[in-house]
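*Asks:* Have a look at this one.
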Amino acid sequence: MERAILLIYTGGTIGMKTNPETGSLAPFDFGQIGSEVPELRKFGIRIETITFDPVIDSSNISPKEWVRLAETIRDNYESYAGFVVLHGTDTMAYTASALSFMMENLAKPIIFTGSQIPIGVLRTDGRENLISAIEIAAAGEVPEVCIYFQNSLLRANRTIKYTAEHFNAFRSPNYPPLAEAGITIKYNTPYIKKADCPPLPLHVDTAIETRVAVVRIFPGLRPEIFRAMLGVEGLRGIVLETYGAGNAPTDSWFVDAVRETVERGVVVMNVTQCAAGSVDMELYDTGRALLRAGVVSGRDMTVEAALTKLMYLLGARLPKELLERCLNTPIRGEITL
Ligand code: ASP
């Protein structure tokens, strides 16, 4: 049977070309992608497209679109060998991380890509990103949610947007690339998650809790401001961005505010502000105080992964103990043990 790939265009720079009448960038009809990128015809695979209506700059993406995307893939799952999602780069790491948690028992590739320069512009990076993402999705070697950008295939929930300037927009600071594209595409097999054998049925969980916050601490943070942020009514979870290996002030106003928040039933997770490395709350007194206050370690998760995992697990309404254990252990390869 002919291999088929589903290409889903959500929006973002990649799908733009210059409108000759106005001179400004506007999205083009992805149904016509073959005429924009004629190389796609050489693949010998069927490429079908779905375009979000309206297409969305990724700064406007919300969990509503994550759910729509997850459901689109679920509804088409049996008909395609893999999926390529074209998405703006600004929040791609959030959407791709969220999907990695929402798609349970995934056995097919879901490859996110985009570009820094629109595909209709001569120096675009979108053409190569798109062609290789399709090749990787069709090959079926990586049954994971990934981001492909400038020759590197990265595990989605390990990825951060690193530069707004250069073509290598994404990095995976705590986990090696799953593949690198040179003359050939070389898969880094030992680091790729294996699909279950025999495959378990795909389950898509769309309950996402949005009553959450990311709170980044900084020198000079005032007690009343910190308390106001933590004290929001209805809050269910916080990703606390701390210093270094998970350290924070030991001042009693700070520790008390965190402890009282945990006692109110809010889940507080500790993630480092550093781009690379891990939280270890046992290392310094400044970390231990958070541990004693009931804070859960986010270990080496990216902020994007920690936040979307928290939203996903809170949505699943697990008992507190199980929720904290799941937050702290890898469920989709997002943590190094
Ligand atoms: N603002 C755009 C977006 O994220 C930038 C891009 O596509 O890279 O949708």
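The values are calculated or read from the model by the stated rules, or taken from the named source; none is laboratory data. What you are looking at is a predicted structure, and each value in this text was computed from that prediction instead of being measured. As a convention, Cβ positions derive from the backbone with ideal geometry for all residues, glycine included, and neighbour counts pool all protein chains shown. All accessible areas refer to the heavy atoms of the entire protein, side chains included, with ligands and DNA or RNA removed. Shrake-Rupley method; radii C 1.70, N 1.55, O 1.52, S 1.80 Å.
*Asks:* Checking the conditions here, which among Ile217, Ile147, Ile160 is open to solvent by less than 10 Å² (accessible area, probe 1.4 Å) and within 16 Å of the ligand (Cβ to nearest atom)? Lay out the reasoning, then the answer.
*Replies:* Details: Ile217 fails: within 16 Å of the ligand (Cβ to nearest atom); Ile160 fails: open to solvent by less than 10 Å² (accessible area, probe 1.4 Å).
Within the list Ile217, Ile147, Ile160, the selection yields Ile147.
*Asks:* Could you list all residues from the range 54-70 that are away from the ligand (no atom under 14 Å from the Cβ) and open to solvent by 60 Å² or more (accessible area, probe 1.4 Å)?
*Replies:* Listed by number, the residues that qualify are Lys64, Arg68.
*Asks:* Take Ile56 and decide whether it is modelled with pLDDT of 85 or more, under 28 Å from the mean Cα position of the chain (by Cα) and either of a type in the set (Gly, Ala, Ser) or over 24 Å from Thr91 (Cβ atoms) (or both).
*Replies:* Taking the combined requirement at face value, the residue does not satisfy it.
*Asks:* Residues in the range 157-167: is at least one closer than 21 Å to Glu39 by Cα and of a type in the set (Gly, Ala, Ser)?
*Replies:* Within the range 157-167, none of the residues are closer than 21 Å to Glu39 by Cα and of a type in the set (Gly, Ala, Ser).
*Asks:* Right, here's the next one. Restrict the check to the range 71-89 and report whether at least one residue is more than 16 Å from the ligand (Cβ to nearest atom), in contact with a Phe, Trp or Tyr (Cβ under 6 Å, 6 or more places away or on another chain) and touching a residue at least 24 places away in the same chain (Cβ under 8 Å).
*Replies:* Yes; the residues of the range 71-89 include at least one that is more than 16 Å from the ligand (Cβ to nearest atom), in contact with a Phe, Trp or Tyr (Cβ under 6 Å, 6 or more places away or on another chain) and touching a residue at least 24 places away in the same chain (Cβ under 8 Å).
*Asks:* In addition: Would you tally the residues in the range 101-115 being over 19 Å from Ala138 (Cβ atoms) and either among the aliphatic types (A, V, I, L, M) or open to solvent by 10 Å² or more (accessible area, probe 1.4 Å) (or both)?
*Replies:* 3
*Asks:* Something else: Could you tell me whether Thr206 is over 27 Å from Glu71 (Cβ atoms), part of a loop (DSSP other than H, G, I, E, B) and open to solvent by less than 60 Å² (accessible area, probe 1.4 Å)?
*Replies:* No; evaluated as a whole, the condition is false for this residue.
*Asks:* Quick check on my filter: what residues within the range 119-137 are within 15 Å of the ligand (Cβ to nearest atom) and open to solvent by less than 10 Å² (accessible area, probe 1.4 Å)?
*Replies:* The answer is Ile119, Gly126, Asn129, Leu130, Ala133.
Table: residues versus (1) of a type outside the set (Gly, Ala, Ser); (2) open to solvent by 20 Å² or more (accessible area, probe 1.4 Å).
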{"site": "Ser278", "(1), (2)": "no, yes"}
{"site": "Gly298", "(1), (2)": "no, no"}
{"site": "Leu322", "(1), (2)": "yes, yes"}
{"site": "Arg325", "(1), (2)": "yes, yes"}
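*Asks:* Name the pairs whose Cβ atoms lie under 8 Å apart, with the first residue in the range 16-42 and in contact (Cβ under 8 Å) with a residue 60 or more places away in the chain and among the aliphatic types (A, V, I, L, M), the second open to solvent by 50 Å² or more (accessible area, probe 1.4 Å) and assigned to a helix (DSSP H, G or I), and 6 or more positions between them or separate chains?
*Replies:* Between residues of the range 16-42 that are in contact (Cβ under 8 Å) with a residue 60 or more places away in the chain and among the aliphatic types (A, V, I, L, M) and residues that are open to solvent by 50 Å² or more (accessible area, probe 1.4 Å) and assigned to a helix (DSSP H, G or I), the close pairs are Leu25/Thr13; Val37/Arg127.
*Asks:* When the residues of the range 1-31 are narrowed to those that are away from the ligand (no atom under 13 Å from the Cβ), modelled with pLDDT under 80 and within 28 Å of the chain's Cα centre (by Cα), which ends up surrounded by the most Cβ atoms within 10 Å (Cβ to Cβ)?
*Replies:* Looking at the filtered set, the residue picked out is Phe28.
*Asks:* Here are Leu40, Leu99: which of them is in contact with a Phe, Trp or Tyr (Cβ under 9 Å, 6 or more places away or on another chain), part of a helix (DSSP H, G or I), of a type in the set (A, V, I, L, M) and away from the ligand (no atom under 11 Å from the Cβ)?
*Replies:* Unique residue meeting the criteria: Leu99.
*Asks:* May I pose another question? Applying the selection to the range 210-229, what residues are out of contact with any strand residue (DSSP E or B) (no Cβ under 7 Å at 6 or more places or on another chain), within 22 Å of Glu304 (Cα to Cα) and not basic (Lys, Arg)?
*Replies:* Thr210, Phe218, Phe226, listed by residue number.
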